[in-house]
1. Suppose the filter is surrounded by 16 or more Cβ atoms within 10 Å (Cβ to Cβ), of a type in the set (A, V, I, L, M) and either within 21 Å of Ala114 (Cβ to Cβ) or within 16 Å of the chain's Cα centre (by Cα) (or both); does Leu45 pass it?
2. Mind counting the residues in region 143-154 that are touching a His at 6+ places or on another chain (Cβ under 7 Å) and either under 14 Å from Ser101 (Cβ atoms) or in a loop (DSSP other than H, G, I, E, B) (or both)?
3. Please specify each residue of region 254-288 satisfying the condition of being hydroxyl-bearing (Ser, Thr, Tyr) and under 13 Å from Asp216 (Cβ atoms).
4. Looking for whichever is free of Cβ contacts under 8 Å to residues at least 12 places away in the same chain, more than 20 Å from Arg212 (Cα to Cα) and within 18 Å of the chain's Cα centre (by Cα) here; the options are Arg268, Arg247, Arg304, Arg299. Which one fits?
5. Any chance region 208-221 includes a residue that's part of a loop (DSSP other than H, G, I, E, B), at pLDDT below 65 and open to solvent by 50 Å² or more (accessible area, probe 1.4 Å)?
6. In region 331-357, what residues are at pLDDT 95 or above and either touching a Gly at 6+ places or on another chain (Cβ under 6 Å) or more than 21 Å from His204 (Cβ to Cβ) (or both)?
7. So for region 59-78 (the condition being open to solvent by 10 Å² or more (accessible area, probe 1.4 Å) and touching a Cys at 6+ places or on another chain (Cβ under 9 Å)), does at least one residue qualify?
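The values are calculated or read from the model by the stated rules, or taken from the named source; none is laboratory data. All values reported here derive from a predicted model rather than from experimental measurement. Cβ atoms come from the backbone with ideal geometry, glycine included; neighbour counts cover every protein chain shown. Just so you know, the surface numbers come from the protein's heavy atoms only, side chains and all, with ligands and any DNA or RNA stripped out. Shrake-Rupley method; radii C 1.70, N 1.55, O 1.52, S 1.80 Å.
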Amino acid sequence: MSATSQFVGPATTVSVPCYNGVRVEVRTAGQAVAELGRRLALLVLTLQQLGLMNRDPPLVSITGAPGTGKTVVLVLQGVRWLRQGHDVHVLSTRYNTRAVSTSIKQQLEMSLSAGPTPSLTPGSVSYHRYNFWDREADVEKAVTDLVACVKNGHLHVLIDEASFDSRFVFILTIPVIHRFKVHDYSDSGVPAPGDGLSVIRLSHHGNAHTGRWPVDCAQCGQDIAAVLRRLGVGRSAANSPSRLSYRDVFVLTRSLDLQDDVTDGAGRVTSPASGVVQGLKDAGVPVSVLGYQDWRHNRARWERAVQDVAVAATDTVTVAVYGWVTGLERRVVAVLQGRDQLDDDAGLTDERTDRNDRLEAVSRCTTQLITVRTPPVTTTTTPSLTTTTTPTTTTTHTTT
């Protein structure tokens, strides 16, 4: 009778003492992605990172490829300063650093609220936004602002994704991927928590597909949505450790034409959403779009959207130009192959744009990678949805 009740009785959760520790059930592909993503998010410091944390030079520039732990070192150093009673100033020096800078600020504030400082009154966190890229006056303003923040002859500043030269450069080389113009990786000595998952490859090909590139194709959006459904994304309450939420997903492109519906004052659509965005919507996937249109025409709304994405405040899939999410990561990342007019104008080869995609977009993935590519012209038959068994040794990495 007890065996029969397992099939006909109500679902029941029980707690049973176990000599071998807590057992986590993983029964679906989505649960496997969620569990591996959780393990990848556990903080493990390498010897290189520990070395940086144990020295205190007046100015340090850390360089390294995605996933090597640069931002982790910044956050840990910021936490140390705060607990020593120092004020910490987080600087965003360009628009494409807004998201990661917001994330750093949020992590520092969360660390302050997590527990009391034993002996000192903790410092405070300040966030400064500038644009050194094309606004020279912002450089002088930043200097003026920071000089005014000096306390007792000291100033504690964190800048992520900065572009400057320094005599004090430390290179982090944990093995993740090897890319053009990126320092070689070395053995980290820290074992990965898993062998990685198979890359899911989608093809922008067939009668239902439209547009030159996946970003223009509604069918590609629906194909991505089908994969997300198969992984169980969004089926349970947000932030469940054993389930994937929509906020766990990035859909990334290099296309500057990416946009959501553009409406006029009366709410009428004057310019429709990009195909992939419309396809996701049609499939019932809630999306937030982080493109260039708002950046060009509504900077305030764009800044609010970036802050939302930086802390994953809204349970939506973020569809973004990958330059806007530099420094952020998600468990599931779909990368759309493509080019834009600037690539053509600059004479960039497909090989070069592919390298950029790998470095800037693929590296945002911690667990499950989805690629959407246009097959070569010589391809005669390509399934609209195929799953390969290629190990993700070059696309998944340990988040340190």
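1. Considered against the rule, which asks whether it is surrounded by 16 or more Cβ atoms within 10 Å (Cβ to Cβ), of a type in the set (A, V, I, L, M) and either within 21 Å of Ala114 (Cβ to Cβ) or within 16 Å of the chain's Cα centre (by Cα) (or both), Leu45 comes out as yes.
2. Number satisfying all stated conditions: 1.
3. The first filter runs over region 254-288 and keeps only residues hydroxyl-bearing (Ser, Thr, Tyr), leaving 255, 263, 270-271, 274, 288.
Selection gives Ser255, Ser274.
4. Arg304
5. no
6. None; the set is empty.
7. Checked region 59-78: no residue is open to solvent by 10 Å² or more (accessible area, probe 1.4 Å) and touching a Cys at 6+ places or on another chain (Cβ under 9 Å).
Here is a yes/no grid of residues against (1) in contact with a strand residue (DSSP E or B) (Cβ under 6 Å, 6 or more places away or on another chain); (2) open to solvent by 70 Å² or more (accessible area, probe 1.4 Å); (3) at pLDDT 60 or above:
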residue	(1), (2), (3)
Ala114	no, yes, yes
Pro118	no, yes, no
Val125	yes, no, yes
Val143	no, yes, yes
Leu146	no, no, yes
